Amino acid sequence: MSDDLRFLLALQDLDIMIREVKDKSTSRELENMGFELTGLDELMEARENLISKISTEMVKRYEKLSKVYQMAILPITGEICLGCFGKLPTKFFSTETRKDIITCENCGRILYII
């Protein structure tokens, strides 16, 4: 797995945490379950630090996708994209392609092979 992809996955996780803290209904529910929701500033700072480690092209691609989809980066299970459940071409599974960042031809999400 490339560094860009690992960093993008971490960025997606941070964005999910930030979204949950900012969402009033979700944050109220989490607080009722006993979670303390502090540290938004630290999450935003971590996000900026992480973005600086990812190529500008990949960050733009991720952010464009994350505006459309809640999960912009997903694993491939079998030969299926777990975003749109479309069957992927066999060329995605060659040893050369396994190292590349793959895009689903159907939904456009960034994919990685488990």
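Sorted largest first, the principal axis extents computed over the alpha-carbon atoms of the stretch 3-113 equal 46, 29, 20 Å. Other residues lying with their Cβ under 10 Å from the Cβ of L30 contribute a combined charge of -4, Lys and Arg counting +1, Asp and Glu -1. The amide H of Y112, built 1.01 Å from its N in the peptide plane, has L74, I76 as neighbours under 5 Å, considering only residues 5 or more places off or on other chains. For K53, a cut-off of 22 angstrom between C-alpha atoms picks up these lysines, skipping any fewer than 8 places away in its own chain: K64, K67, K99. Shape annotation for the stretch 1-57: C-alpha extents along the principal axes are 39, 21, 16 Å, from largest to smallest.
At 222 nm, what helix-only mean residue ellipticity would the chain give, in deg cm²/dmol to the nearest 500, using -39500 (n - 2.57) for each DSSP H run of four or more? Don't skip to the answer; put the middle values down first.
Working: 4 runs with 54 residues, N = 114.
That calculation yields -15000 deg cm²/dmol at 222 nm.
Taking the DSSP beta bridges in the chain as the whole, what percent of them are antiparallel, to the nearest 5?
55 percent
Values quoted throughout were computed directly from the atomic coordinates according to the rules given, and no laboratory measurement underlies them. Treat the numbers as computed from the prediction; the structure is a model and nothing was measured. Note: ideal-geometry Cβ built from the backbone for every residue, glycine included; neighbour counts use all protein chains shown.
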